[in-house]
Amino acid sequence: MGTGIHHITLITRKVQANVDFYVGFLGLRLVKQTGGYEDATQLHLFYGDGAANPGTLITFLVWEDGAPGRVGHGQPSEISLAIDPASIGFWLTRALSHHVDISGPSEEMGEPTLRLKDPDGVIVKLVGVTGFPAPADWDGSTVPQEHAIRRIRGATIMTEVPELTESFVTRHFGYRPEKSTEFIRRLVSDSGDIIDVRDAKGFWSSAPGTGTIDHIAFRARDTEQVEAVHAELAKGNSSITNVHDRKYFYSLYVREPGGTLFELATDAPGMAVDEAPSELGTHLFVPPERADKIDELRTMLPQFSWPGEERVIYRELPFVHRFYTPENPDGTTIVLLHGSGGNETSLLPFAAKAAPNATLLALRGRATEEGTPRWFRRFSANRFDQADVRSEAEALAAFVEGAVEAYRLDPQELVFLGHSNGANMLAATMLLHPHVIRRAALLRAAMVLEWPPAADLSDAEVLMVTGDVDVFSGYGPELASLLRDAGAEVDARTISSGHAFEDADIGIVREWLAAKGI
């Protein structure tokens, strides 16, 4: 075999910073945007040379605002990209002009090497090495062809069993030993890329998360070769998974003895199977079984702008948040608060259907229950931590005031939409901090304050939608009465539904917004 690396996949926390670095600074081409095959609500980006050739591909799973991982044994620790040795000076100067921290050049394994970190802290090395042809060019690159990144040079693997890791890579993926130091064994493929096996005995174990490298994919000629390796691995009782048709390649996954995840992927059919070469990376694709949901997925996947284009500059505010900007925004901003077990993406498709031209600002609750976000702690299904409710309501009010200033939002054009736990948070905030939230649509809301204060809500307009078979429906009338007594204009409706929101809710919210001139 010995054809080398096909692609390397990493995990990023912020898609905009990622695109700015890999396209804007490194000059790679974004050649594919997809919803993930394992999770279509997760954006997957592919970068490469102008023709998306295997061996140049660096891909990212986007865990927007996800938890950082930990680099350790059982995982790759750094990647390296090949440049012409004469380009070292160019990249030093470019890093300074782009305000990218860079160190070197230093000599590593006899090669001049620049070290830098991407926005997630992943070590990316630029290695001056001869023998690789110039990459396929593309019109949007700001890096001159002679200085462009030529291909993936390689990756470093951290392992507690270096001998076993080396044997596995050489036996199954066609690499051969080249040189070694006290702690590193260098393996090389026929294509000239390398795997450095680093002895990490005594180092801590890895943990998945943003800022880590998920896996290394090696190249296979065709599906027959993948199946042959599959059969060989099965004989050795390796920890293999099933083979997968990923549309752009056919592949299998396996963990080597030290724990690092490997993939074996075919060159064909390639990234141009569903996009013209001139349009690579400009369309969103999702797995075939989710094709009918592409519009909903498009609202849920994080948006980004190309380098040099106008973009949302996110600010540090009390809650993790996400903007969705429609093609023709009408100036209205709808602030979304998810229900228990949801997250900032949960209400985006609903709101986009109810108000197609509204900008959506979706928040994530800071409390957690069994690992999923909530807006405040609870002691039981209907008994809530009052101190936490009040504390989080104060934080939400501060968020609204901060967002209005930071993002130059018009307070008169703000609408709030919450479901279940998120609707409860909105109602509590209205009572505890009057005049911050003036328009709110509350789906399946209940009263959670045990000692609600007297409040002036004479400037508030509220839509409440209750499900007639919702187990919590009995709590809605109490909240509606309390809001009315505080002076709010309340439009309370009951529909044939349970606790989950449905298509009927969309029509009601759309009608209510239209009546308010939105």
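The values are calculated or read from the model by the stated rules, or taken from the named source; none is laboratory data. Since the model is a prediction, treat every value here as computed from it, not as a measurement. All Cβ positions, even for glycine, are placed from backbone atoms using ideal geometry, and neighbour counts span all protein chains on display. These accessible areas exclude ligands, DNA and RNA; they are computed on the full protein's heavy atoms, side chains included. Shrake-Rupley method; radii C 1.70, N 1.55, O 1.52, S 1.80 Å.
When the square roots of the Cα gyration tensor eigenvalues are ordered a ≥ b ≥ c, the ratio a/c for segment 351-392 is 1.5 or more and a/b exceeds b/c, which makes its shape prolate. As a calculated quantity, the FRET efficiency between Glu310 and Lys235 at R0 = 60 Å, using C-beta atoms, amounts to about 0.60. Taking amide hydrogens as placed 1.01 Å from N in the peptide plane, the amide H of Phe416 sits under 5 Å from those of Val335, Arg439, Ala440, Ala441, each at least 5 positions away in sequence or on another chain. Among Leu264, Gln412, Pro302, pick out the residue whose Cα is farthest towards the positive end of the charge dipole of the chain, where Lys and Arg carry +1 and Asp and Glu carry -1 on C-beta, about the Cα centre. Highest projection toward the positive end goes to Leu264. Which percent of the accessible area of the chain is formed by carbon and sulfur heavy atoms (probe 1.4 angstrom)? Solvent-exposed carbon and sulfur of the chain make up 50 percent of the total.
Distance between the 7 Å Cα→Cβ label points at Phe90 and Ala500: 5.5 nm.
For Thr12, the shell of other residues with beta-carbons less than 14 Å away shows a net charge of -3, using +1 for Lys and Arg and -1 for Asp and Glu.
Within straight-line reach of Lys293, meaning a Cα separation under 29 Å, sit the following lysines at least 8 residues removed in sequence or on another chain: Lys14, Lys32, Lys247, Lys353. Projecting the Cα positions of Ser189, Ile213, Leu164 onto the charge dipole of segment 141-225 (unit charges on Cβ atoms of Lys, Arg, Asp and Glu, taken about the Cα centre) puts Ser189 furthest along the positive direction. Normalised Debye scattering of segment 194-315 at q = 0.09, 0.14, 0.15, 0.18 Å⁻¹ gives log10 I(q)/I(0) of -0.41, -0.91, -1.00, -1.18, counting only Cα atoms as equal scatterers and leaving out solvent. The protection proxy used here, the mean number of other Cβ atoms lying within 10 Å of each residue, ranks peptides 482-488, 211-217, 454-460 as follows, highest first: 211-217, 482-488, 454-460.
Of the whole protein surface, Thr93 contributes about 90 Å² of accessible area at a 1.4 Å probe radius.
At q = 0.10, 0.16, 0.19, 0.21 Å⁻¹, what base-10 log of I(q)/I(0) does the Debye formula yield for segment 106-219 when every alpha carbon is treated as an equal point scatterer in vacuo? Debye intensities relative to I(0), on a log10 scale: -0.35, -0.90, -1.23, -1.42. Placing Lys247, Lys516 in order of accessible area, with the largest value first and a 1.4 Å probe, yields Lys247, Lys516. Sorting 435-443, 187-195 by average packing, meaning the other beta carbons within 10 Å per residue, from highest down gives 435-443, 187-195.
Probing with 1.4 Å while keeping every protein chain in the model, the per residue accessible area of segment 263-331 equals 56 Å². In segment 291-450, the convex hull through the Cα atoms has an average projected area of 10.1 nm², a quarter of its surface area. Other residues with beta-carbon under 13 Å from the beta-carbon of Arg221 carry, at +1 per Lys or Arg and -1 per Asp or Glu, a net charge of -4. So what's the net charge close to Gly55: Lys and Arg +1, Asp and Glu -1, counting the other residues with Cβ under 12 Å from its Cβ? Local net charge: 0.
Once the Cβ-Cβ distance of Val471 and Lys293 is raised to the sixth power relative to R0 = 25 Å, the FRET efficiency obtained is 0.30. The 3J(HN,Hα) values that the Karplus relation (6.51, -1.76, 1.60; θ = phi - 60°) gives for segment 71-82 are, in residue order, 6, x, 5, x, 6, x, 10, 6, 10, 9, 10, 8 Hz. Gly and Pro appear as x. Summing Cβ point charges (Lys, Arg +1; Asp, Glu -1) relative to the Cα centre of the chain gives a dipole of roughly 760 debye. Axis angle, to the nearest 10 degrees, between helix 223-235 and the longest C-alpha principal axis of the chain: 90 degrees.
Among the listed values [x] 39, 26, 22; [y] 50, 24, 21; [z] 32, 29, 27, the one computed from these coordinates for semi-axes √(5λ) of the Cα gyration tensor in Å is [y]. To the nearest 0.05, how large is the calculated FRET efficiency for Ala398 and Glu38 if R₀ is 35 Å and r is the Cβ-Cβ distance? Computed FRET efficiency for Ala398 and Glu38: 0.45. Assuming charge only on the beta carbon of Lys and Arg (+1) and of Asp and Glu (-1), the dipole of segment 351-474 about its Cα centre is about 300 debye to the nearest 20. Bridge orientation summary for the chain: considering DSSP beta bridges with both residues in this region, about 55 percent are antiparallel.
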